[in-house]
1. Over what distance in Å are the Cα centres of region 127-160 and region 409-459 separated?
2. Report, ordered by chain and residue number, the aspartates and glutamates lying within cross-link reach of LYS377, taken as a straight Cα distance under 18 Å and ignoring same-chain residues fewer than 8 apart.
3. How much length would be gained if the chain were fully extended between PHE434 and SER69, taking 0.36 nm per residue of separation minus their Cα-Cα distance, in nm to one decimal?
4. Roughly what % antiparallel, to the nearest 5, for the DSSP beta bridges in region 22-170?
5. So what's the angle, to the nearest 10 degrees on a 0 to 90 scale, between helix 460-478 and the longest Cα principal axis of the chain?
6. For the pair TYR248/GLN120, report the inter-label distance in nm, with labels modelled 7 Å from Cα in the Cβ direction.
7. Give, as a single signed number, the net charge of other residues whose beta carbon lies under 10 Å from the beta carbon of ARG409, with Lys and Arg counted +1 and Asp and Glu -1.
8. If the reach is capped at under 16 angstrom between alpha carbons, list the lysines near LYS79, excluding any in the same chain fewer than eight residues apart.
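What follows is calculated from the coordinates using simple rules that are stated; it is not laboratory data. Because the structure is predicted, anything quoted here is derived from the model rather than measured. Here the Cβ positions follow ideal geometry from the backbone for every residue, glycine too, while neighbour counts run over all protein chains shown.
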Amino acid sequence: MSEAPDNPFLDTLITRQRAEPCTVVIFGASGDLTTRKLIPALYNLAASGDLPPQFKVVGFARREKTDESFRAELEEGNKKFSRQGHTEELWSSFGPSIHYHRSEFTEAEGYASLKTLLDQFDAERGAPANRLFYLATAPEFFSVVLEQLRTAGLNTPPAGKWARVVCEKPFGKDLATAQKLNHTVAEVFEEKDTYRIDHYLGKETAQNLMVLRFANEIFEPLWNSRYIDQVQITCAENLGMEGGRGGYYDTAGALRDMVQNHLFQLLSLVAMEPPTDLSADSVRDEKVKVIRSLRPLTSPEDVAANVVRAQYTNGVVDGKERPGYRHEDRVNPQSMTESYVALRLKIDTWRWQGVPFYMRVGKQLPKKATEISLHFKQPPQNLFKTGDVKGSSNALVIRIQPDEGISLRMLSKQPGVLLRMQPVKMDFHYATSFGKASPEAYERLLLDAMAGDATLFARDDEVEHAWRYIDVIENAWHKSANPPPMCEYPAGSWGPREADEMLSGNGHVWRRV
């Protein structure tokens, strides 16, 4: 029997060297991200035996706390948010690795004393350790923290070790601020030591996209304009501005908060060409090419024809009355910030010529779900003279959250003497197929940052090309003489009528999530 042909994606053995002793410093450690995501992620890595030896965490923030009070707060949070639950036995060994350091972000003395603390840890270990600086602060403090790290010499690692920085989103609010921030980071850390985090890329199904495409010979030959009619990316949320989020959201909006980073990342994974290998830069080179190949929107009229923005009005979600966006706490009553956006994109490459990519993201929709669906073209001739079956086209659906998995929709004959067809699904679920829940995104991303694998992190040019595209839309909305209208949709619906009409003009409909 002949051997199967070589496949570099199957033949490549992906290994991660066990991370060496490391100290993680979290700036803005008193915020929700630390309590809800970062510490539970590190705790779960400890539970699975993946943390490096002699591991330390330092929380850097402005509030007055002791090591003990900080640990107690994080323990309570871990009991609520840890994926694997909480055990006193594990916390008794993990908890003492957590420390607190109080300082204003602008105080040089605070960074000097932080350096003393890190040197003290090294002395206790008997050898220097690597250092990972995590910026979990509000974006306006990024530059301040980076400058202070450089002044204190903390960006220069001990001999033979590394110092890296992880930047949370949003990375800038437009092209100019992103470029300025990239310049500031580059003055303090080299690009190879800069990790711009997007937690969507830490989700198992997002990571599985490359395996699905390039390790399965059944899919890659079909992954092009000859066979695919359209691609849809949906990110639906069934929440509004709870928890005081309105103040931030009203300055950002759906386009800048979600499309520029999360959805463009998913788009690039779906549409990229095969990388030459699985190194971080090879993968990111191909992702950048996708963003650069987006067909430009050259005028406000282009934007109006291909982008729909909207705000939710009063409605019902999950059986509860919800106020309209402009009536939410901390939202300007005359706000022109979109809570929903839908886009029709074209990618000018050989593979995708003529295939529309539809994106939509919105608040106060009927359910929480993120998915990618590839819709295949209809057969050239209908042999079965039974009329069209609603939703009959074959579709490959990659579910990112909450129920991670992949399904393939096809037509099948119903049992019986008559020829009747109906859509059926072949379904794969991560939880049931592997017998365990997928790791949280931050677990994978933190471990990758400690191991020096930047594959799932955004590169500087990737961020800037994404902002170039987004800025054109934002300028059409807020700076043109005749801006496109702000549409409306009731809370609890799937969005405005205009978004449906944008697809129907191409003979398409939104997939029912």
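1. Using only Cα atoms to place each centre, the spacing works out to 37 Å.
2. Answer for LYS377, where 18 Å is the Cα cut-off: GLU220, ASP229, ASP388, listed by chain and number.
3. Values: separation 365, 0.36 × 365 = 131.40 nm, distance 3.86 nm.
My answer for the length gained is 127.5 nm.
4. 0
5. On a 0 to 90 degree scale, this one is about 60.
6. The answer from the label model is 3.1 nm.
7. Net charge in that neighbourhood comes out at +1.
8. The qualifying lysines are LYS37.
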